[in-house]
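Please read the structure below before turning to the comments.
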Ligand SMILES: NC(=O)c1ccc[n+]([C@@H]2O[C@H](COP(=O)([O-])OP(=O)(O)OC[C@H]3O[C@@H](n4cnc5c(N)ncnc54)[C@H](OP(=O)(O)O)[C@@H]3O)[C@@H](O)[C@H]2O)c1
């Protein structure tokens, strides 16, 4: 099969589009014929070798932690899923990934794919959708009527976070540059602040600050001052410490996304009910994944990118 792999850690040149052996599912696993594999910023860190201690991958490694596809074969003991089923998965971070024609996935990571969007596009949902949900509701405990400031709403996680927070009845204040402002507004943000043009501030304190942007630690500390006493700061960016303020009862929670096939199935059902939109900026052939990593490193990706293998 064709796959994109790297045999050494390093810059984007280490990525090779090459032939690799088609994997075989073990007990409790399935083989997926990949329809789509979504790029995530963490793929860049894993390839660059910066995350070796957190996510120790074996070389050569195939990147890609989000997948959509069709079940092609079942490993021993797998029940509840059949060959031919269209599914999505948030894959284990250190296993061989979805930037390939086939990938092995744990059966208990699978959720039914939404039927109302192209199967390839559904790859843009699993990990980022779960991150948005868990950050807002499991980690921050956001409820109807609360005010949430989403910093970095112009990105992939932010697109879902705005929709989910709004759908839950929160007042959503979002930061977005001009290139993302319209998308963030149409996702349901009540207020959009251009973080490139003005200081990010709010008229009234917020209950929840969700940070999704790679900003300087002191910038995040300044944003945390906008959180009311007893509120919460949740932060997905692991390289920035999450500020808390004990004196004011403000909690700080560093988000670490967890696999949750049941929640993922609820998210795909929301897509089919028209309650959650999946935004895909570009679909590119698998062979062009190295260029996607290069554009991500240069900060020029236009949004969520899905790569599509030649046989999909
Ligand atoms: N901890 C976890 O479990 C976990 C899980 C998922 C993701 N993450 C991390 O969470 C972050 C967001 O993920 P993502 O997939 O949404 O990334 P993304 O698509 O790259 O989105 C980040 C967005 O931040 C915006 N941004 C850039 N500079 C900004 C600034 N100074 N102020 C405000 N916004 C700014 C950009 O949009 P505009 O410039 O257009 O506004 C960009 O699209 C990444 O760092 C990712 O690695 C962590």
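The values are calculated or read from the model by the stated rules, or taken from the named source; none is laboratory data. Worth saying up front: this structure is predicted, and the values here are computed from it rather than measured. Heads up, the Cβs are rebuilt from the backbone with ideal geometry, glycines too, and the neighbour counts pull from every protein chain shown.
Among the residues of the range 211-235, how many are within 8 Å of the ligand (Cβ to nearest atom) and in contact with a helix residue (DSSP H, G or I) (Cβ under 6 Å, 6 or more places away or on another chain)?
1
What tally of residues in the range 259-277 results from selecting those that are in contact with a helix residue (DSSP H, G or I) (Cβ under 7 Å, 6 or more places away or on another chain) and more than 16 Å from residue 110 (Cα to Cα)?
Total meeting the criteria: 3.
I need a count of the residues in the range 122-153 that are near the ligand (Cβ under 9 Å from one of its atoms) and either modelled with pLDDT under 95 or on the phi > 0 side of the Ramachandran plot (or both).
The qualifying residues number 1.
Which count do you get for residues in the range 238-247 that are surrounded by fewer than 18 Cβ atoms within 10 Å (Cβ to Cβ) and either within 16 Å of the ligand (Cβ to nearest atom) or over 25 Å from residue 214 (Cβ atoms) (or both)?
Result for the range 238-247: 5.
Here are 287, 261: which of them is touching a strand residue (DSSP E or B) at 6+ places or on another chain (Cβ under 8 Å), within 21 Å of residue 112 (Cβ to Cβ), touching a residue at least 60 places away in the same chain (Cβ under 8 Å) and more than 13 Å from the ligand (Cβ to nearest atom)?
Going through 287, 261 in turn, the sole match is 261.
Please work out which one of (1) within 19 Å of residue 159 (Cα to Cα); (2) buried (at least 24 other Cβ atoms within 10 Å of the Cβ) is the condition residue 110 fails and give its number.
If we test residue 110 against (1) within 19 Å of residue 159 (Cα to Cα); (2) buried (at least 24 other Cβ atoms within 10 Å of the Cβ), just (1) comes out false.
So which of 82, 107 ends up being at negative phi and touching a residue at least 12 places away in the same chain (Cβ under 8 Å)?
On inspection, the qualifying residue turns out to be 107.
Which fully enclosed strands (runs of 3 or more DSSP E) of the range 1-120 have 1 or more residues being touching a helix residue (DSSP H, G or I) at 6+ places or on another chain (Cβ under 9 Å) and within 16 Å of the ligand (Cβ to nearest atom)?
Filter on the range 1-120 gives 29-38, 66-74, 86-90.
Of everything in the range 171-183, what is touching a helix residue (DSSP H, G or I) at 6+ places or on another chain (Cβ under 8 Å) and more than 8 Å from the ligand (Cβ to nearest atom)? Give them in sequence order.
Matches in the range 171-183: 172, 174, 183.
Which residue is nearest to the ligand (Cβ to nearest atom), if the candidates are limited to the range 189-201 and must be over 22 Å from the mean Cα position of the chain (by Cα) and buried (at least 16 other Cβ atoms within 10 Å of the Cβ)?
Within the range 189-201, the match that is nearest to the ligand (Cβ to nearest atom) is 200.
What's the number of the only condition in (1) closer than 24 Å to residue 252 by Cα; (2) free of Cβ contacts under 8 Å to residues at least 24 places away in the same chain; (3) away from the ligand (no atom under 12 Å from the Cβ) that residue 186 fails to meet?
(1)
This table checks each residue for (1) within 14 Å of the ligand (Cβ to nearest atom); (2) without any contact (Cβ under 8 Å) to a residue 40 or more places away in the chain; (3) within 16 Å of the chain's Cα centre (by Cα); (4) surrounded by fewer than 17 Cβ atoms within 10 Å (Cβ to Cβ).
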site: 205; (1), (2), (3), (4): no, no, no, yes
site: 249; (1), (2), (3), (4): no, yes, no, yes
site: 272; (1), (2), (3), (4): no, no, no, yes
site: 275; (1), (2), (3), (4): no, no, no, yes
site: 282; (1), (2), (3), (4): yes, yes, yes, yes
site: 296; (1), (2), (3), (4): yes, no, yes, no
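Could you grab me the full set of residues in the range 156-179 that are at pLDDT 95 or above and out of contact with any strand residue (DSSP E or B) (no Cβ under 7 Å at 6 or more places or on another chain)?
Residues satisfying the conditions are 156, 157, 159, 160, 163, 164, 167, 168, 169, 177, 178.
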